[in-house]
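In what follows, a single structure is set out as structure tokens and then discussed.
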Amino acid sequence: MKTVINILKTALLLAATLPCAMAQAQEAAKDSAKTKETENEAMETVIKVYQKQLDERDKQIESLKAVETKLNDSIATLNKLLAKQEADTKQQLKASAGTEEKMNSLKAKYDELACAVSTLDGIVYKNCLLYPLETRYDYKLIADAVRAVNSFSQLPTAKSPEFEQYKKTYLPLLKRYGEYNEELRSFFAQCFEFIKAKNNIVGDGHRDKFTRELEALPYYQKCYKGRNNPPYSSIVYLDEAINKFKAIIAKTGDVSKEMEELIKSIEPKQNTNGQ
């Protein structure tokens, strides 16, 4: 009996607490579902964050690949430029070596020419500056001599002091040879006309007159008077003609033949067929 009573008490107790327990169980279930939902949302949020990070990383990787491609292209271009520069440098060095070789060859030829010119120096001033002044006036010979002296002077080699001095002294005389020659020829011809009028004899009056007129001539004043003094600036051939004229007018007999020969001797060569 007592046992039954205990069972009944227990049953009544369970009946009294069952609604509360069920309510608590339901509330706990709701909390668990809510918690699970919250956890799911949190997980989704984390996944979204990771996915976004992955997407950003993919973009960065693509950007880095693009940069890498450009960098590789730049490196390839640079390598081409370096290769071209190296080739150009080698070509320049080769050309420079060739140029240096040519320069050495030209220098050797120049030195050879300079040596040859130094030996020609004396030949030029003797044959082009002195010789033409010792012979009868020849227009072509004088023109060729002047041209040769000017051309020789333009050579880029040192000239001897003798050449420079002779050029300074005698080149102006070469250029005026024709003028001075005609001056004397004309004077001698005029004197001969007076002499012929006096039976080919030079009288004392004419002798003095001829001497004064001779000494007044430009060539006599500028050249003949100083012919024996440095730098000996006179035309040898004309000096000898003047000396002959002085000797002729000093004679007392017939001087027609000597005057004819004197005048003929200073006539330009081209006017006498080179004779």
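Within 10 Å, count the other beta carbons around each residue, average over each peptide in 87-98, 198-209, and list them highest first.
Peptide ranking by packing, descending: 198-209, 87-98.
For region 239-256, what does the Karplus curve 6.51 cos²θ - 1.76 cosθ + 1.60, with θ = phi - 60°, yield as ³J(HN,Hα) per residue in whole Hz, taken in order and with x for Gly and Pro?
3J(HN,Hα) across region 239-256, in whole Hz: 4, 5, 5, 5, 4, 5, 4, 4, 5, 5, 6, 7, 6, 10, x, 5, 10, 4.
Can you give the convex hull volume per residue for the Cα atoms of region 105-247, as a whole number of Å³?
Cα convex hull per residue, to the nearest whole number: 100 Å³.
Can you tell me how much longer the chain between residue 97 and residue 109 gets when fully stretched, taken as 0.36 nm per residue apart minus their C-alpha distance, in nm with one decimal?
2.5 nm
Treat each spin label as a single point 7 Å out from the Cα along the C-beta direction, and report the residue 189 to residue 86 distance in nm.
In this crude spin-label approximation the distance works out to 8.7 nm.
Taking 0.36 nm per residue of sequence separation and subtracting the Cα-Cα distance, how much length would be gained by fully extending the chain between residue 265 and residue 216, in nm to one decimal?
15.4 nm
Bin width 10 Å, origin at 0, all Cα-Cα pairs of region 219-273: what percent of pairs per bin?
Whole-percent P(r) values from 0 Å outward: 21, 41, 31, 6.
Within region 168-193, name every residue whose backbone N is under 17 Å away from a label modeled 7 Å from Cα of residue 229 along the Cβ vector.
Once the point is set 7 Å along Cα→Cβ of residue 229, 169 turn out to lie under 17 Å by backbone N, inside region 168-193.
None of the figures in this text is laboratory data; all of them are computed from the coordinates on show. Quantities reported herein were computed from a predicted structural model and do not represent experimental measurements. Heads up, the Cβs are rebuilt from the backbone with ideal geometry, glycines too, and the neighbour counts pull from every protein chain shown.
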